[in-house]
Amino acid sequence: MPSPTPSVRPVLAALLTALLLVLAVPTGLPVSLVGTAQAAPPRQEPGAPVHLDLVELSPTSLAPDGVLEAQVEVTNTSSKPLTDVDLELRTRTPRVTDRALLAQWQEDTQPDAVGAPVSTSAAHTIQPGESTVLTVRTSAKKLGYSPEPYFWGTRRVSLTVVSEDRPLAALRSFVVWRPADAEEEITQSVLLPVTSADDVPLAIRPEVDWWLDPALLEAPARAMDPTPPSDGGGAQETADPLGTVTYAPDPAAVTAAEELTAAAPGRTILARPYAQADLVSLQQAGTGPLTAAVQQADARVRDQLEADLTGPTTGLPAASATADLIDAQIRAGAKALVLPSAALRADPASNTTPSSIGQYTSEAGSVPVIAPDPELSTEFTLLTAEADTEQIRQRLLAETATIASEYTDSPRHLVIAPSAEAGLDTQAAEQVLEAMQEAPWIRAGRTDALLEAAQQETWTTSPLGDEENLLALGNVGPIDVSAASPAPEGRWQHIDQRSHPSPLDPQRLQTLSRTEEELVALGEVMEDQTALEEPRRKILEGLARRWRTDPQGHAQHIEDVTEQVAALRGEIAVVPASGYNVISDTAGVPITITNRLDTPITVRPLVTSDKPLVRIAPPDPVVVPAGGQVDVMVEVDAIANGSVTLTTVVATADGRPLSEPVSTPLTVNPSWENWTTLLLVIAMGVLVVVGVLRARRVGSTTRAPGVAGPEDPEELARSGRSTPDTHSKETR
């Protein structure tokens, strides 16, 4: 028969459902009007002697000409052999239309004895501690499902293990019945939290979008241990007296960054704050330098990535969602939010599931809200190494098929967003993603289509809207926000507001802010800043929201990074001197600066006096080589006599201190030079006067008269005395 029009579809569905309920009774499958068994199954005996694990339930989509096959691994946990063990397959023919039934059905582990089994496996004997895989098959015709295309959807099946006709335990799962002419489908995207290198193998799959910590796209260099001296029989190596270390990035971090960068183009990327910083706590603490550091790191990643990042995108758990908390996120700079849809829907358990998008507007601003489906997200979160992957796979297929078969004319796009703390098993998650690709009622989509719908408001909030615009949450505001959590019957429900962790301690954030300022100052003087990469990342990691629930761990983290930065600053120092004497008006005082870092630094010594007895000329910046030292002459002008204390620090070019202050005593006596010069002049003058007077007194009685004429050369040669030449005409 032709497919009914949307206007008569609900009426025909109700009539056909009633007919199937009546027809189901003679087949041994009695059901109630809500699709549950009328007779309660017998209680499982305490301490069941077997453990069951669903190995496979295929196919992903069961067609009228298909074969349903189930494999269950049965482990004998008792101390006795189990004989004549077989596996019985039963089903319920009505389609599941209430998602709450899915959780209720799957959680029931009691043996199912309602009606006769559709098919039974071969019998086996299982020894204590041994495991056996039992397989049961049946054709789709024997299951009794309606072949009409508009009755496609989720069906319940049970797999009961029986030993000698005694039920032992059961697994309850689902199969999706899909006749060839069924057309209903939903669009679906998986928003994977990518917050550590462990997430990368799953993140690089092409069908997933990212809620990414941008810090993963950078691999900071870490300090490696210095090479120890050789302890062999030969000559030992001399340990580096400066304690020089080698810096290199973690190879795993480098690989993760490279793989993410290569896989980024073409997918939707919602960017968390860098290193998952708690923007609200930063704003409340008033730590501008830290906020700037987060923004700079985020901008650095965006510049090097060949893809667009939407963010910062922050999120809240549904159990603690309030309008005030959302407004605080917006005021702190959030450009998009991730919030489970149950916290924004008037009735989280309604029979029509909207798309995972809305636009939140309040006095704080307006941002798009990605609203993942909470049931789907919770199930995907369970895909860990210890989980029964096949059971989770079937539950997710059943959930999506039930949603797709809901009565609505508008298309829908759902988002699955597992928890960032899930510890997903890559292999298990890949199996589920591959099954979703095979499901004909699921169309793979990108999350940016939802963001575009929010921007252009191409949506409707009516299930009977149109075939073009998405059925979505639409525009929501503070009045629409309610905390929500899973209800005992399987669906989510609104709850009274639960307490949420307090923001990060403002005093601790102020400590980190001062440490960040010290690190920035160090970076400005260092030629190579590699040594700063590790503490810079640790400072940003100290801003993460996760520290709200671990205050002691947060305090220890801050102490560690503060000590690390202090140790780097300690590598720059002033060598203390015993003291100096200044006896002139102007003198040069030597200052020795040491640099034990592995890179040259350009610094300026700042010298101050505790008394205004001297005037100190600001020295020019100097370059101190790596592992070396320089002497700087600081010009000091003496003003008056006295003793002063000079305090010297090594600083940046603009005067921010880098080293601890060092004090040096200085004695100033500028008058000594003037008095000494005066005394020397007086003493020399006295000596001249005394010499002249003495020469006059001694020379008047003993000195011979001067020779008036020529000297007699013969007498001078013979006796050495000067006498007149008597033969000369002048003497005659």
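The numbers here are math on the coordinates, done by the rules we state, and not lab data. Just so we're clear, the structure is a prediction, and the values are computed from it rather than from any experiment. Methodologically, a virtual Cβ is constructed for each residue, glycine included, from the backbone with ideal geometry; neighbour enumeration extends over all protein chains shown.
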* Asked: In nm, what is the difference between 0.36 nm times the number of residues separating R443 and A262 and their Cα-Cα distance?
  -> 62.7 nm
* Percentage, to the nearest whole number, of Cα pairs in segment 512-551 over 15 Å apart -> 46
* Structure fact -> Simple SL model, points at 7 angstrom along Cα→Cβ for D620 and N581; separation in nm is 3.2
* **Summed side-chain charge close to P193 - residues other than P193 whose Cβ falls under 12 Å, Lys, Arg +1, Asp, Glu -1** => -4
* Structure fact -> Under 12 Å by backbone N from the virtual spin label 7 Å along Cα-to-Cβ at E434, the residues of segment 148-168 are none
* Indicate the gyration tensor shape class of segment 572-669 (rounded, prolate or oblate), computed on the Cα atoms with a ≥ b ≥ c the square roots of the eigenvalues: a/c under 1.5 is rounded; otherwise a/b larger than b/c is prolate and the rest oblate. => prolate
* To do: For segment 279-347, just say rounded, prolate or oblate: build the C-alpha gyration tensor, square-root its eigenvalues into a ≥ b ≥ c, call rounded for a/c under 1.5, and beyond that prolate if a/b exceeds b/c, oblate if not.
  => oblate
* Structure fact -> Shape call for segment 130-190, from the Cα gyration tensor axes a ≥ b ≥ c (a/c under 1.5 means rounded, otherwise prolate when a/b beats b/c, else oblate), comes out prolate
* Structure fact -> Expressed in nanometres to one decimal, the distance between label points 7 Å along Cα→Cβ at S131 and A63 is 3.4
* Mean Cβ neighbour count within 10 Å, used as a protection proxy, ranking 441-450, 300-309, 275-284 highest first -> 275-284, 441-450, 300-309
* Taking the mean number of other Cβ atoms within 10 Å as a proxy for protection, how do you rank 490-502, 138-150 from highest to lowest? -> 138-150, 490-502
* Between E527 and D84, what is the spin-label point distance in nm, taking each point 7 Å from the Cα along the Cα→C-beta axis? -> 8.9
* To do: Working from the alpha-carbon coordinates of segment 479-522, get Rg over Rh, Rh being the Kirkwood radius.
  => 1.40
